[in-house]
1. When you go through Ser259, Ser220 one by one, which is the residue that is among the small types (Gly, Ala, Ser), free of Cβ contacts under 8 Å to residues at least 60 places away in the same chain and in the same structural domain as Gly57 (by TED's automatic domain parsing)?
2. Look at Gly75 and say whether it is small (Gly, Ala, Ser), over 17 Å from the mean Cα position of the chain (by Cα), assigned by TED's automatic domain parsing to the domain that holds Gly256 and on the phi > 0 side of the Ramachandran plot.
3. Just give me the residues in the range 44-57 being of a type outside the set (Phe, Trp, Tyr) and either under 20 Å from Leu86 (Cα atoms) or free of Cβ contacts under 8 Å to residues at least 24 places away in the same chain (or both), in sequence order.
4. Take Ala149 and tell me if it is out of contact with any Lys or Arg (no Cβ under 9 Å at 6 or more places or on another chain), crowded, with 24+ Cβ neighbours inside 10 Å and modelled with pLDDT of 95 or more.
5. Looking only at helices (runs of 4 or more DSSP H) that lie completely in the range 123-221, which have at least 1 residues being within 19 Å of Ile58 (Cα to Cα)?
6. Which condition from (1) at pLDDT 95 or above; (2) out of contact with any Leu (no Cβ under 7 Å at 6 or more places or on another chain) is the one that Glu77 breaks?
7. Do you know which residues across the range 46-99 are assigned to a strand (DSSP E or B), aromatic (Phe, Trp, Tyr) and out of contact with any Lys or Arg (no Cβ under 8 Å at 6 or more places or on another chain)?
8. What's the number of the condition Arg28 fails, among (1) within 16 Å of the chain's Cα centre (by Cα); (2) modelled with pLDDT of 95 or more?
Amino acid sequence: MDTEFEVVIAGGGIAGTTAAVTAARLGRKTLVLTGDVPGGQLISIEKIEGYPGFPEGIPGYDLCPMLQEQAAAAGAEFMMTGLERLDPQDGQWRVTTGEGDILARAVIVATGSSLKKLDVPGEERLTGNGVSHCASCDAPLFRDRIVAAVGGGDSAMQEALTLAAFASKVIILHRGDALTGQACYRDRVTAHQKIDIRFNTSVTEILGEAKVTGLRTRQSREGAVADLEVAAVFAYVGLQPNTAMLRDRLSPDRAGRISTDGWMRSELTGVCAAGTVRCQSPYRAVSAAGDGASAAVTVDRYLTDGSWREG
């Protein structure tokens, strides 16, 4: 593996691999740092809907490898390691990874986001024993059992629908008073006979010793506390951008996201951000792909003429 590249892309999700396809097709020597699990957050999604070209939807574990194969065919290289640090060096960037340092003329940060935790007692202890963030992985383990999905957005509803194909009942617990995701998902979960939606309800504790046996909940209006018997809990209560390794180099917003302009340019010359790590991301697979393509075009122009803020 060479240690010098024109473009280094941190992140192997849809934003990162689309950036790799675009940069490699533009003739740039491109390296993608995929992290431990290539494909990013969407690799475990049973069906990505609303993505152009796939009217019936496509599993994330199909789409993400397809994009990686396309990038590789265009000439991009891949390393299963992650970005640990970014430092300027002689007008370029020294990219520190788990496999050593790499020199890049331009960098695209597409490290994605991680699912937020509930931060309640029992969560850490029972992770892998009934606490999960992957319905497509673990739903078959709870066939004909009652399970809970926590959250009211797209991810919670998508995963509830996946769970409903196996579980005897899926209880959606949402601290708000209305579901906040897309109407197509709201209509489907509301009409599903095996999905029970409970609003204004927060999880305060996950119960069980060796495995999940239930949840302790609190009603936000009345304050009533109740125990709910479930065999598993799947939490989808928001995303935390994976930018901790850059906070001494960039100035992220309060949520940890990177500020960019419309061309995905960050405050650092030669560094773009794409996907859910950037401010004002729509949090859609198709927008992540658009971000990645835009970032690759931006760094290609920068590498051609050296301009960054003009135009």
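1. Result: Ser259 is the single residue among Ser259, Ser220 that is among the small types (Gly, Ala, Ser), free of Cβ contacts under 8 Å to residues at least 60 places away in the same chain and in the same structural domain as Gly57 (by TED's automatic domain parsing).
2. Details: small (Gly, Ala, Ser): yes; over 17 Å from the mean Cα position of the chain (by Cα): yes; assigned by TED's automatic domain parsing to the domain that holds Gly256: yes; on the phi > 0 side of the Ramachandran plot: yes.
For Gly75, the condition - small (Gly, Ala, Ser), over 17 Å from the mean Cα position of the chain (by Cα), assigned by TED's automatic domain parsing to the domain that holds Gly256 and on the phi > 0 side of the Ramachandran plot - is met.
3. Of all residues in the range 44-57, those of a type outside the set (Phe, Trp, Tyr) come to 44-50, 52-53, 55-57.
Hits for the range 44-57 are Gly53, Pro55, Glu56, Gly57.
4. yes
5. Working: elements: 123-126, 135-138, 154-164, 183-191.
Correct list: 135-138, 154-164, 183-191.
6. Failed condition: (2).
7. Step one: filter the range 46-99 for residues assigned to a strand (DSSP E or B), giving 48, 58, 77-79, 83-89, 92-97.
Okay, now just the ones that are also aromatic (Phe, Trp, Tyr), so 78, 93.
Result: Phe78, single match.
8. (1)
The values are calculated or read from the model by the stated rules, or taken from the named source; none is laboratory data. Computed from a predicted model, the values in this text were never measured in an experiment. Don't worry about glycine lacking a Cβ; one is built from the backbone with ideal geometry, like all the others, and counts go over all protein chains shown.
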